[in-house]
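All remarks here apply to the structure that follows.
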Protein chains: 2
Amino acid sequence: MTEAVEYDVVVLGGGPAGENVVDRTRAAGLSTALVEAELIGGECSYWACVPSKALLRPALARADARRVPGLAPAVQGRLDAPAVLAHRDWWTGHWKDDGQVDWLASIGAHVYRGHGRLYGEKKITVTSPEGDHHVLVARHAVVLATGSRAVLPDLPGVPAARPWTSREATSSQHVPGRLAIVGGSVVAVEMATAWQALGARVTLLVRGPQLLPRMEPFAGELVADGLREAGVAIRTGVTVEALVRDGSTGPVTVVLQGGEMIGADEVLFATGRAPRTEDIGLDTVGLAPAAWLPVDESCRVDGTDWLYAVGDANHRALMTHQGKYQARIAGAAIAARAAGTAPDTTPWGAHAATADHAARPQVVFTDPEAASVGLTLAEAERAGHRARAVDHDLGAVTGAGLYAHGYRGKARMVVDLDREVVLGATFVGPGTGELLHSATVAVAGEVPLARLWHAVPAFPTVSEVWLRLLEAYRDGSG
Amino acid sequence: MTEAVEYDVVVLGGGPAGENVVDRTRAAGLSTALVEAELIGGECSYWACVPSKALLRPALARADARRVPGLAPAVQGRLDAPAVLAHRDWWTGHWKDDGQVDWLASIGAHVYRGHGRLYGEKKITVTSPEGDHHVLVARHAVVLATGSRAVLPDLPGVPAARPWTSREATSSQHVPGRLAIVGGSVVAVEMATAWQALGARVTLLVRGPQLLPRMEPFAGELVADGLREAGVAIRTGVTVEALVRDGSTGPVTVVLQGGEMIGADEVLFATGRAPRTEDIGLDTVGLAPAAWLPVDESCRVDGTDWLYAVGDANHRALMTHQGKYQARIAGAAIAARAAGTAPDTTPWGAHAATADHAARPQVVFTDPEAASVGLTLAEAERAGHRARAVDHDLGAVTGAGLYAHGYRGKARMVVDLDREVVLGATFVGPGTGELLHSATVAVAGEVPLARLWHAVPAFPTVSEVWLRLLEAYRDGSG
């Protein structure tokens, strides 16, 4: 052990959330150290959002082009898979993090490469890959931004079959002939979209009755329709009982409950995430290891006044943009408290991550895209709101029909009947990924419906659906 | 003359604005007649927004596809022009208005086919194409929704050369070999985009120094770059002095000031609009004919208590969506006044078309798209706001780069420094057409910047530029 080095703030985990805490605390003039054992930039940059979107965008652009008369015949063929994979490699920086490291240096943050562990209040040890040790002491705050990992189920044959998780699915250098995907949530449907478009024959094995179960029910239905039309086989209500890999590189057999067997070249499990908190010394500060970390609205861990958790680790909203949002809020809260100022943790205050539960956006980059923000109708009712949902067929919107011939999609707005504000919105259809932010502003801004009538959608765009939703609410239809 | 027929409301002009007045007054239980001499559905449905977008969308989808590795080689060729033109014909209903007429009948409106003219307060005559006459009397209100027409300049050779206006440019059944377009505003750049993509060699002849002069300056610059890359020749600072058509179907020569001659097969003038108010009897109620009609915030013509003007005719905002917005507001104001209720014409009230001057959106469907809402920096300063603009390079936004390889674009947010709300926003780049509504909600909703920090953009989408703009404002950069 070397002598302890003091910082105002020590951050464990250099993904987007951790990086943003560093940014905000450095901007406040605090000294900050970042500890990371893998690549700076985290899951998002190398094994999630960025490579997955790089794989998906060609599939979506092709789908859009196929719906345009005069262009459709040119784009009936397969994607050039090697070109797409090479482009994906470029976006991940070929899994090198030089750019991120340079940026951290430029803002005066100190990076420790290695595994960080708490060993008591405000104290961290770092073990480098070379076996060196550092001891860090945080004057004001330690921030845990260690993220999450894919969970593999404890089933016979799973370790030996070396199934894909989200990491392999976003970084694979080859297109499997047959890809079986276990799961029905975002990773499952996005990777089914990408790999089917790249030439794999994808089978989706879903335990429940529907896809995208956390969104409005029509999202999963429309995405399932799109996947089927792309050639994906979807099996709902099935449970995987075992895998059998034929040798070390041969095909793998997925054994379903009931005995049915499905052949595949690769199997992707997209069945859940677990916190990466099992080996970061939580027990040395009285917290349970391997658990998600409950936090308050400023992202401070319950029962502490110095420990924060941002990003997936706190389990509030497992999405990069929400992790970054939490990081901005936590960074500002740490700075305020370090300066002896009371943070503003009232709803929508500068130090409250209110959007995590009230205005969390998500875009699923499938064909059709599925985009939602805020509460579904079911969530609104569970939360005790007097709520009403109004729906509109996106295919009946002129701007949508002009965007894509034969446009199919649907929109829903969930309204708080007492305050007449939008609690949530869901848009499913081509091109809705950029439309979503209009709803995010409306929900987070708590803009009254009476005022939204003055937010005129440009004609002819897909966004004219806003007018149709307001009309449906006004007229009691939809 | 037959006996006069009484209605609560008589609307002159059956474009989108007129139709929406009918819809709103009928919904309020008023009896309403609509007078239209041409096609119900108006300019927008047959010779503007709808056919132009049908022509443009294939060009934009192809441009998007060309920026996607793995798909680009498939879409290097020309568009299938006959397929695009046929699709455009389908969208205009082959220039038949049966669907619109059916809808008006379904809501109980009475349609008079013919030319309507005022002949005193609340009185209208209609002359049908067959020469029949009707006399209508409006109990409560007459609404002028007669729209605008393209202006042809009074230059030598113009009538004989039969140049295109927006009508021919959106309805032509053939692709000219060489198309000269006079003008630099929306119609000019959109039609240059469409016809160049369909195979014409387009030359843009612009009197001023830049394109899209009513938008932030970078919009015209980026659109000019895109047009040049598509092969359009752009000449700025040139003035057309005459046209010479060789025979009745031969090529046409455009004579520029200074004597230079430019050969073309067709010439499109996109140089301005004039109100269609010269022959609607304005003189019989003490108003000047052939002029735009000044109105108050409820769209009631200045100096009257019974005459309204909506859509292009009032010159507030010459766009279909604003005309429809005005129509909703005027329709509600007419209904309120007919019921003896005072309308709410305070800013953003139910009977004030506040968005016309504070939150008017526009999307220019070029490659790149140019989308803006609210005030430009120059407009904000002219209006006396203490304003600041922050800019961000859209190409530096991860979601934009993933949307299109080599993405080029720019975003600007204009902030009211006193109230810390967004006065205007401009986005120029592929895929920004649907992003615009986020800014429209922010501007019309007067959402404070402090709250916009909680409107988290989904990663990785183009909308992440919102975060960058907020950061630039916070940090005093951009």
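Looking at (1) surrounded by fewer than 22 Cβ atoms within 10 Å (Cβ to Cβ); (2) within 12 Å of another protein chain (Cβ to nearest Cβ); (3) at pLDDT 95 or above, find the lone condition where A:ASP8 falls short.
Failing condition for A:ASP8: (2).
One residue is enough: does the range B:247-263 have a residue meeting the conditions at pLDDT below 95 and either basic (Lys, Arg) or closer than 30 Å to B:GLY120 by Cα (or both)?
No, that holds for no residue.
When you go through (1) under 24 Å from the mean Cα position of the chain (by Cα); (2) more than 9 Å from every other protein chain (Cβ to nearest Cβ) one by one for A:LEU118, which number turns out not to apply?
(1)
Hey, can you tell me all the residues within the range A:12-37 that are more than 18 Å from A:ARG139 (Cα to Cα) and either modelled with pLDDT under 95 or over 21 Å from the mean Cα position of the chain (by Cα) (or both)?
Passing the criteria: only A:ALA37.
Between a residue in the range B:295-307 that is under 12 Å from B:ILE334 (Cβ atoms) and any residue that is in a loop (DSSP other than H, G, I, E, B) and not basic (Lys, Arg), which pairs come within a Cβ distance under 7 Å, given they are 6 or more apart or on different chains?
Hits for this filter: B:SER298/B:PRO343; B:SER298/B:THR345; B:SER298/B:HIS351; B:SER298/B:ALA352; B:CYS299/B:VAL310; B:CYS299/B:ALA353; B:TRP306/B:GLU121.
Let's see how each residue does on (1) among the β-branched types (Val, Ile, Thr); (2) closer than 27 Å to A:LEU375 by Cα; (3) touching an Asp or Glu at 6+ places or on another chain (Cβ under 7 Å); (4) not assigned by TED's automatic domain parsing to the domain that holds A:GLU121:
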| residue | (1), (2), (3), (4) |
| --- | --- |
| A:VAL310 | yes, yes, no, no |
| A:ASN314 | no, yes, no, no |
| A:GLY323 | no, yes, yes, no |
| A:ILE334 | yes, no, no, no |
| A:ARG337 | no, no, no, no |
| A:GLY340 | no, no, no, no |
| A:ASP344 | no, yes, no, no |
| A:PRO347 | no, yes, no, no |
| A:ALA350 | no, yes, yes, no |
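Would you check if A:ALA458 is under 23 Å from B:ALA352 (Cβ atoms) and touching a strand residue (DSSP E or B) at 6+ places or on another chain (Cβ under 6 Å)?
Answer is yes for this residue.
Return the residue satisfying two criteria in turn: it lies in the range B:456-469 and is closer than 18 Å to A:ALA17 by Cβ and aliphatic (A, V, I, L, M), and of such residues it is surrounded by the fewest Cβ atoms within 10 Å (Cβ to Cβ).
Out of the qualifying residues, it is B:LEU467.
State which residue is nearest to the chain's Cα centre (by Cα) when the search covers only the range B:417-455 and only residues that are of a type in the set (Asp, Glu) and surrounded by fewer than 22 Cβ atoms within 10 Å (Cβ to Cβ).
It comes out as B:GLU446.
What residue, of A:ALA197, A:ALA180, is farther than 14 Å from A:THR366 by Cβ, at pLDDT 95 or above and surrounded by 24 or more Cβ atoms within 10 Å (Cβ to Cβ)?
Every option except A:ALA180 fails the conditions.
Is it the case that B:ALA380 is out of contact with any helix residue (DSSP H, G or I) (no Cβ under 8 Å at 6 or more places or on another chain) and either basic (Lys, Arg) or at negative phi (or both)?
So B:ALA380 fits the description; yes.
Counting only residues that are at the interface with another protein chain (Cβ under 7 Å from one of its Cβ atoms) and over 25 Å from the mean Cα position of the chain (by Cα), how many does the range A:79-89 have?
Number of matching residues: 3.
Which of the residues that make up the range A:338-348 are more than 9 Å from chain B (Cβ to nearest Cβ) and either in contact with a strand residue (DSSP E or B) (Cβ under 7 Å, 6 or more places away or on another chain) or under 27 Å from A:MET215 (Cα atoms) (or both)?
A:ALA338, A:PRO347
Among (1) buried (at least 21 other Cβ atoms within 10 Å of the Cβ); (2) under 26 Å from A:ALA425 (Cβ atoms), there is one condition B:LEU377 misses while meeting the rest; what is its number?
Here B:LEU377 meets the rest and fails (2).
Residues that are over 28 Å from B:GLN173 (Cβ atoms) and surrounded by 14 or more Cβ atoms within 10 Å (Cβ to Cβ): does the range B:60-67 have at least one?
yes
Residue-wise test of (1) under 13 Å from A:ALA180 (Cα atoms); (2) under 25 Å from the mean Cα position of the chain (by Cα); (3) part of a strand (DSSP E or B).
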{"position": "A:LEU243", "(1), (2), (3)": "yes, no, yes"}
{"position": "A:THR249", "(1), (2), (3)": "no, no, no"}
{"position": "A:VAL254", "(1), (2), (3)": "yes, no, yes"}
{"position": "A:GLY259", "(1), (2), (3)": "no, no, no"}
{"position": "A:ILE262", "(1), (2), (3)": "yes, no, yes"}
{"position": "A:LEU268", "(1), (2), (3)": "yes, yes, yes"}
{"position": "A:ALA274", "(1), (2), (3)": "no, yes, yes"}
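Working only within the range A:49-78, note down all residues that are within 30 Å of A:GLY323 (Cα to Cα) and facing chain B (nearest Cβ under 8 Å).
Selection gives A:CYS49, A:VAL50, A:LYS53, A:ALA54, A:ARG57, A:PRO58, A:ALA61.
Among the charged types (D, E, K, R) and under 30 Å from A:PRO69 (Cβ atoms): which single residue out of B:ARG207, B:ARG201, B:ARG276, B:ARG214 fits that description?
B:ARG201
Is it the case that A:ARG113 is assigned by TED's automatic domain parsing to the domain that holds A:ALA336 and touching a residue at least 12 places away in the same chain (Cβ under 8 Å)?
So A:ARG113 fits the description; yes.
Every residue, every condition in (1) of a type outside the set (Gly, Ala, Ser); (2) part of a strand (DSSP E or B); (3) free of Cβ contacts under 8 Å to residues at least 24 places away in the same chain; (4) surrounded by 21 or more Cβ atoms within 10 Å (Cβ to Cβ), yes or no:
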site: A:VAL187; (1), (2), (3), (4): yes, no, no, yes
site: A:LEU204; (1), (2), (3), (4): yes, yes, no, yes
site: A:MET215; (1), (2), (3), (4): yes, no, no, yes
site: A:GLY220; (1), (2), (3), (4): no, no, no, yes
site: A:ASP225; (1), (2), (3), (4): yes, no, no, no
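For residues that are among the aromatic types (Phe, Trp, Tyr) and in contact with a helix residue (DSSP H, G or I) (Cβ under 9 Å, 6 or more places away or on another chain), scanning just the range B:89-145, find the one that is nearest to B:TRP292 (Cα to Cα).
B:TYR119
May I ask you to list pairs of residues, at least six apart or on different chains, whose Cβ atoms are under 9 Å apart, with the first in the range B:31-48 being surrounded by fewer than 24 Cβ atoms within 10 Å (Cβ to Cβ) and the second being modelled with pLDDT under 95 and assigned to a strand (DSSP E or B)?
So the pair list comes out empty.
Tally time: how many residues in the range A:310-337 are away from chain B (no Cβ under 12 Å), under 19 Å from A:PRO294 (Cα atoms), not β-branched (Val, Ile, Thr) and not in a loop (DSSP other than H, G, I, E, B)?
Final tally of qualifying residues: 7.
Can you tell me which of A:VAL22, A:VAL5, A:VAL9 is in a helix (DSSP H, G or I), more than 30 Å from A:THR193 (Cβ to Cβ) and β-branched (Val, Ile, Thr)?
Going through A:VAL22, A:VAL5, A:VAL9 in turn, just one is in a helix (DSSP H, G or I), more than 30 Å from A:THR193 (Cβ to Cβ) and β-branched (Val, Ile, Thr): A:VAL22.
Looking at the range A:341-356, is at least one residue surrounded by fewer than 19 Cβ atoms within 10 Å (Cβ to Cβ), at pLDDT 95 or above and part of a strand (DSSP E or B)?
Looking for residues that are surrounded by fewer than 19 Cβ atoms within 10 Å (Cβ to Cβ), at pLDDT 95 or above and part of a strand (DSSP E or B), one finds none in the range A:341-356, hence no.
The values are calculated or read from the model by the stated rules, or taken from the named source; none is laboratory data. Everything numeric here is computed off the predicted structure, so don't read it as measured data. Reconstructed Cβ throughout: ideal geometry from the backbone, glycine too, with neighbour counts over all protein chains shown.
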